[in-house]
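Here, each number is a calculation from the coordinates, and none is a lab measurement. No experiment lies behind these values; they were computed from the predicted model shown. Cβ sites come from the backbone with ideal geometry, for glycine too, and all protein chains shown count toward neighbours.
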Amino acid sequence: MANPLSFLAPVIDLVGSNVRILPATGGAVEDLQHPDVDEVEDTLLNRDVGEITDFAETPTPSLANLYRPTPPLFRPEKHLYRFFIDGSLRTYYLATGIEGRRSFPIQLAQIGAAAMVRDDEGRLSCLGSQHKVLLLVPTREHGLSDTVWQQLQRLRTPDGFFEPVDITEKTALTPHDPAGEDLRTRAGGIARHRMHQLEIDLIQTTETEQNEDAWLILDGAVKLDDFIKAPYLIGVAKSFRKDPEFRFGRGRATARRDITSILAGLEFAHRTVAFSAHGGKVAFWYVRLRPQEELDYPLMGVVKVELPRPDGTSVEVELADLLSRALVAERNVTPYGRDRRWHCHLYPIFLAEQTIKNRFYSQQVLLGAIRWPRPMTA
């Protein structure tokens, strides 16, 4: 059987012939994601939303009435969510490269995204998926010389399945200069950014079928480098930043609340009112999917919902209620301990993630493709 990663052989040969290589033990080591990587991502994507001062709901609510009941609205009664998109990634540290006086990490990433569709009988199927392999390396003063980088670019596959990526580029998840960052961590941010781009590409495959009775759930935020403007779509974040401050009123009448105090009062199958973010381009609120007595702390069992509002208008209270009720009904029974996010899983999103993970090459297959050339002896 032919090696499905045979395209990596000339890549490894090119880099290994031009750069001194200190291989990872065993050939490649998987970079395990930090437990709060999704929270870090939400913080980066919403870094200008640290202070919330406006509601985004009509009629306008008040701090005295922050919560609304959202009893589950199950599919037989109203089948609202029909499309589900999620992505996944795995990154691997391959080696440390040394060129001139520069030393830098060389990493590989598998990224993918899948779109699931559900019929009226509740059957889920894969509508489409994308899968890519990325070589993650820094360039110029941080890594590979321009000469080696240009040669490496010529080895990308015509279909875009394999692509070398310069991790010094700035994105929504890597907004800072690479000089002050750990390059291995930065590579993970670059890979996640590319993964989200695949998710956004898949949204286009469902747009013509979305309507007021057929919504899409996207795992995560509705903003990357730019806002997602597709209608009939919500973003649902299982992990989110914990430091926003909610401040309403003026002068001495100003009321300040932190997110923990707000969510501690959020009961099961209830939502908060909608708040405004990004200058009114996004309305967001929180929904509790599980009773607090089942959980370890108040923020567990809560998801953050984001609704694009490209025209800057507030969301009608009836629509926010409807979206939240249908969302409560999407929670699944996930055995404790099988996944650290068990308390806020949405079953169709979980299946989308598993669909793409099952298409990733195993670490054993990857190891078979990584054969650095032997160093030349004098």
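A few points about this structure:
- In a fully extended conformation the segment linking Phe7 and Arg102 would gain 31.5 nm over its present Cα-Cα distance, using 0.36 nm per residue.
- The stretch 274-332: C-alpha gyration tensor shape, a/c 1.5 cut-off, then a/b vs b/c: prolate
- Approximating the spin labels as points 7 Å out from Cα along Cα→Cβ, the Leu367-to-Asp201 distance works out to 3.0 nm.
- Among Phe268, Met195, Asn3 - extreme Cα towards positive end, dipole of the chain, charges at beta-carbon: Asn3
- Counting neighbouring Cβ atoms within 10 Å and putting the fewest first, the residues Ser103, Ser314, Ser261, Ser88 line up as Ser261, Ser103, Ser314, Ser88.
- Applying 1/(1 + (r/R0)^6) with r as the Cβ-Cβ distance of Thr313 and Asn211 and R0 = 22 angstrom yields a FRET efficiency of 0.70.
- Rounded to the nearest 20 debye, the dipole size of the chain about its Cα centre is 760 debye, using +1 on the Cβ of Lys and Arg and -1 on the Cβ of Asp and Glu.
- Prolate/oblate/rounded label for the stretch 177-273 (Cα gyration tensor, a/c 1.5): oblate
- At least 18 Å along the helix axis (C-alpha) and Kyte average at least -1.0, DSSP helices within the chain: 183-203
- Once percent of Cα pairs over 36 Å apart is calculated for the structure shown, the corresponding label among (1) 30; (2) 44; (3) 20 turns out to be (1).
- Cross-link partners of Lys238 among lysines, defined as those whose alpha carbon lies under 17 angstrom from its own and excluding same-chain residues fewer than eight positions apart: Lys223, Lys304.
- Cα gyration tensor, the stretch 44-157 - rounded (a/c under 1.5), prolate or oblate: oblate
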